[in-house]
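To keep things clear, I will list the structure first and then write my remarks on it.
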Amino acid sequence: MTSIRTDAATQLDELAAEVARLAAHVANLQQTQAERAHADDGDDQPPLYSTVEDWVTMYLLPTFPRPVGEVGMTRWHWCEQWWRHDEAVTRLTALWYGWEQARLQMTGMLPWLRDLDHQLPILCGDDDPFRNCTPAGDLGKHQHRSSPEVPAQPAPEDWWKWWD
């Protein structure tokens, strides 16, 4: 009887060792798959354009040209000194980051184009950050006029306590 228990115990030990070996193998496969998925995300690839300015001048403006003109004369506005407009810099930087990520994904450009289609009218439309600027035109003189800042009053001291 002791022999049967010893054989059974040995078989259980061998089975437990085999299960542990298979579990380690599965864990290794999952880790490898996760690493490949991470590499496919392009997280370790450097951006194609090193700055938002490079991206705007070398990609965005040549790829998506729009007719621009005097304020009130065309649907689209653009400021040659776009980098002076905080809102424009924020929106263009977000588009650049999104584009850098989207270019590495197989179908990434389609959602990015929807983002661009949404942002262009906000960026270059009738009530855009460039609405007070005029292009250089024939005279070569650009008139850059920033919009006045919107006033804001500070919130009362305990106003944000609910947020914490």
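Nothing in this text is a laboratory measurement; each read-out follows from the coordinates by a stated rule. Computed from a predicted model, the values in this text were never measured in an experiment. Heads up, the Cβs are rebuilt from the backbone with ideal geometry, glycines too, and the neighbour counts pull from every protein chain shown.
Any chance you could run the full-extension gain for GLU87 through ASP44? It's 0.36 nm times the residue separation minus the Cα-Cα distance, nm to one decimal.
12.6 nm
Restricting attention to the alpha-carbon atoms of the stretch 52-138, what are Rg (one decimal) and Dmax (integer), both in Å?
For the stretch 52-138, the Cα radius of gyration and maximum Cα-Cα distance read 13.2, 43 Å.
If we count every other residue with Cβ under 13 angstrom of LEU110's Cβ, Lys/Arg +1 and Asp/Glu -1, where does the sum land?
0
Mind ordering 76-82, 153-159, 45-51 by average Cβ neighbours within 10 Å, highest first?
Ranking the peptides 76-82, 153-159, 45-51 by packing returns 76-82, 45-51, 153-159.
How would you rank 7-15, 88-96, 120-128, highest first, on the average number of other Cβ atoms within 10 Å across their residues?
Result, highest mean Cβ count within 10 Å first: 88-96, 120-128, 7-15.
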